[in-house]
Amino acid sequence: MKLRAGKVPSSILQEIVFRHLGAKRSDVILGPSIGEDGALVEIGNKVMVSSMDPITGAIERIGWLAVNISANDVATFGVHPLFFSSCILLPEGSGKNVIQSICDQIDQAAKMLEVAVIGGHSEVTPGLERPIVIGCSMGVTEKGRYVTSGGAKPGDRLILTKGAGIEGTAILAADRRGLLKRKFDDSFLRTAEGFFNLISVVREATLAFEAGGVTAMHDPTEGGVAGGIHELADASKVGFKVFEEKIPIAPETLKICEFFKIDPLQLIGSGSLLIAARPGSTSKIVNVLASNNIEASVIGEVSESPEDRILKRRDGSTVELVRPLYDHLWLALER
């Protein structure tokens, strides 16, 4: 079986990766699991949250993304990230300016989040065509003061912040600017590239968690909003019904996806946050986010049967929500 670019399929994770996890330790509260993007480890009377992500599909803002993407995963537990470590891999022939740019971006992103860069590794790696930065973020919380992707319950409402395909829109506007200029003007492309500034969900995850009633959170990364909804359902062993007309998609995202003939719901979606919340708390969470200038929409609800994965289309028809086989960013980058 030849694997496509992007995440390794969950079937292979379960068949191979999750069967090779080293020693079993009682202080590991949450280890590798389908739908979970971080680990929980008990340390004394505290709990450490950690998450690791590689940035492989972007070039222009790779250092910035490395910090924010892994920090987002920590924040989805309701925990503010505190520490960051990176592994910077450079192609042969890279100049000093490349590592300068990456480190400047890491520094800027970490300062904005009040995160300390505590270490890492940098090297020139034979065989690479482009830089790769692997980021690991960590946070600390009290025992029991967190949520996971696996806490959603039937009847919970599903809330999505900002919109679909945010990260993918920014990456394509930056890294495929020359191609997109055939159809779009500089003003449009600057706006789309500016979506990089929406990538962090740390603030909205913290606000939602503190508002109360949150049962699970997940950030849609590879596979986009469609993939993120399925991953949350997988982790929680539930189903869902979501409404196409309720899922916000920016005009820039729609137009760029139309240009590349890709699905915005399957486009890498860092920058949006998927929240499962008790029905009685939904309005409060949405209002708290709105009062902090963060758009949030109730896009559906959680159902009991894991087999129910329904998308109600704008025309009133119902279909099963597509489960992405790969992120549509890769399709666009191949064109």
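The values are calculated or read from the model by the stated rules, or taken from the named source; none is laboratory data. Keep in mind the model is a prediction, meaning the values are calculated, not measured. Positions of Cβ are backbone-derived with ideal geometry, glycine not excepted, and every protein chain shown enters the neighbour counts.
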Can you say whether PHE196 is assigned by TED's automatic domain parsing to the domain that holds LYS312, assigned to a helix (DSSP H, G or I) and hydrophobic (A, V, I, L, M, F, W, C), as far as the supplied structure shows? yes
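Could you look through segment 283-318, keep only residues that are of a type in the set (Asp, Glu) and within 22 Å of LEU273 (Cβ to Cβ), and pick out the one that is surrounded by the most Cβ atoms within 10 Å (Cβ to Cβ)?
Of all residues in segment 283-318, those of a type in the set (Asp, Glu) come to 295, 301, 304, 307-308, 315.
After this cut, where a residue has to be within 22 Å of LEU273 (Cβ to Cβ) as well, the list is 295, 301.
Details: GLU295: 14, GLU301: 19.
In this case the residue turns out to be GLU301.
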For residues that are crowded, with 18+ Cβ neighbours inside 10 Å and in contact with a Gly (Cβ under 7 Å, 6 or more places away or on another chain), scanning just segment 8-39, find the one that is modelled with the lowest pLDDT. GLY35
Could you tell me how many of the residues in segment 40-84 are part of a strand (DSSP E or B), among the aliphatic types (A, V, I, L, M) and at pLDDT 95 or above? 8
The condition of being of a type in the set (Ser, Thr, Tyr) and out of contact with any helix residue (DSSP H, G or I) (no Cβ under 9 Å at 6 or more places or on another chain) holds, among SER50, SER101, SER86, SER70, only for SER70
Give the residue, chosen from VAL79, VAL67, that is under 15 Å from the mean Cα position of the chain (by Cα), surrounded by 19 or more Cβ atoms within 10 Å (Cβ to Cβ) and either closer than 17 Å to SER137 by Cβ or touching a residue at least 40 places away in the same chain (Cβ under 8 Å) (or both). VAL67
Every residue in segment 111-120 that is over 15 Å from ILE134 (Cβ atoms) and either modelled with pLDDT under 95 or of a type in the set (A, V, I, L, M) (or both), please. MET112, LEU113, VAL115, ALA116
Which is touching a Phe, Trp or Tyr at 6+ places or on another chain (Cβ under 8 Å), surrounded by fewer than 19 Cβ atoms within 10 Å (Cβ to Cβ), touching a residue at least 60 places away in the same chain (Cβ under 8 Å) and not small (Gly, Ala, Ser), of ARG278, ARG335? ARG335
